[in-house]
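Each remark here refers to the structure printed beneath this line.
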Amino acid sequence: MTPELELEYRGGLEAALRVGWDILQNGGSSLDAVEATVVSLEDLPLFNAGRGSVFTHEGKNELDAAIMDGASAKAGAVAFVRNVKNPVKLARLVMEKTPHVLLAGDGADLFAEEIGVELVDNTYYYTDRRWKQLEEAVAADRVQLDHVDAAAKPSGTVGAVACDSSGRLAAATSTGGLTNKKFGRVGDTPIIGAGTYANHTCAISCTGHGEFFMLGVTGYDLAARMKYKGLSLEVAANETLEQVTSMGGIGGFVAIDTHGNVVLPFNSEGMYRGWVRGDGALNVGIYRDSGS
C-alpha cells in the first residue's frame, strides 16, 4: 500500500459516501441511496465490482449483485452477468420489473438487453492488476480472495446500507467474485439472506469468503438475533461475525439499524469502509485501528 494508492481508496470511498448522503439529506429513500453508492463503487476500478472485477479461470468477468428494500421486504439479484455496466442497477430492475428475485447467466443478460440498461463489452471490466492476479492464481492452482492477496489487500466486494429519514432500511451489494473461480461458482452476494439482507430491523451487506456467509445465512442471522434474542445491533453483529469465524470464514460486513446505529465488524487484516452518521461527518477506515 503506497501513500498514493491509499489516497485513491480513501477518495473513492468518500466520493461514494457523498453520493448516498446527498440523496438522504435531500429526503431521498434508503433504496436510492444504497443503489447510487454502489454504482459509484462499481465505476471505480480499485474494487472487485463492476469495472475492476476479478477474472474467472477462463479469463472472463462474471458479476453478481443484489439489492433489498427493508420496508417492502422486496429484493432483486443477478448472477453471472457479463455485459452490464452496473449490475446493481439490473438487480433493482429485477425487483421492480419482474415477479422474480434472482436472474442468472444468459437470462439475466437478456433481461438487461430488453429492459434497456447500459451494456458494455466484457473487456470493459479489464484492469492489468486483476489480470496479474489471475495469472498468479492459475500458476499456484488456487482460488483466492482479494482479502488475502498481499498485493490487493482487502479490496473486494462492495456494498452499502442506509437508513433514511422515515426509518426505512435498504442494502445493496456487488461483486466480481473470486479470482480464478471455476464451474459457474456463485457466492453469497446475490443470495438474499446470506450476503445481502434488509428488513424493518436492520440492513446488512457482506464481503469475504462467500461460501461461509451462505452456510451461516449471515444476513438473516444478524436480523434474527436482533428479533428473537432482543439484541442490539452491535451485540448481534459481534455474535454473527463470531459464527462466521468459527466456521473458518474470512471477511466482514456493514450493517445499520432503524436508529441509525452503524457497525462495521471484520476478522480480516483490514476492510475498506466508510460511514456517515446524523451529524453528516464522513468517516473512512482501512485497517483495524481506523475506528468503527
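Please treat every number below as a calculation from the coordinates, not as lab data. This structure is a prediction, so every number in the text was calculated from the model and none was measured. Quick reminder, even Gly has a Cβ in these numbers, built from the backbone with ideal geometry, and neighbours come from all protein chains shown.
Can you tell me the order of 51-60, 94-103 when each peptide is scored by its average per-residue count of other Cβ atoms within 10 angstrom, highest first?
On the way: 51-60: 20.3, 94-103: 15.9.
Going by the mean number of other Cβ atoms within 10 Å, highest first, we get 51-60, 94-103.
For the peptides 279-287, 24-32, 205-213, residues were scored by their other Cβ atoms within 10 Å and the scores averaged per peptide; the highest-first order is 205-213, 24-32, 279-287. Look at (1) 0.91; (2) 0.96; (3) 1.06: the one that is Cα Rg over 2.2 N^0.38 Å derived from this structure is (1).
Within the same chain, aspartates and glutamates fewer than 8 places from K229 are excluded, and of the rest, those with a Cα less than 14 Å from its Cα are D221, E239. Taking the helices alone, the chain has a mean residue ellipticity at 222 nm of -11000 deg cm²/dmol, built from -39,500 (n - 2.57) per DSSP H run of at least 4 residues and averaged over all its residues. A Cβ-based charge dipole, computed about the Cα centre of the chain with Lys and Arg at +1 and Asp and Glu at -1, lands at about 400 debye. Pairs with C-alpha atoms separated by more than 19 Å, drawn from the list K60/K132; K97/K227; K60/K181; K60/K85; K60/K89; K132/K181, are K97/K227; K60/K89.
Starting from the Cα gyration tensor of the range 196-292, take the square roots of the eigenvalues, sort them a ≥ b ≥ c, and report rounded, prolate or oblate (rounded when a/c is under 1.5, otherwise prolate if a/b is larger than b/c, else oblate). Oblate.
Below 11 angstrom from the Cβ of N267, what's the summed charge of the other residues (Lys, Arg +1; Asp, Glu -1)? Taking every Cβ under 11 Å from that of N267, the sum is -1.
In sequence order, the range 175-192 has phi-based couplings of 7, x, x, 9, 4, 6, 5, 10, 6, x, 4, 10, x, 7, 3, x, 8, 5 Hz under the Karplus curve 6.51 cos²θ - 1.76 cosθ + 1.60, θ = phi - 60°, and Gly or Pro positions carry x.
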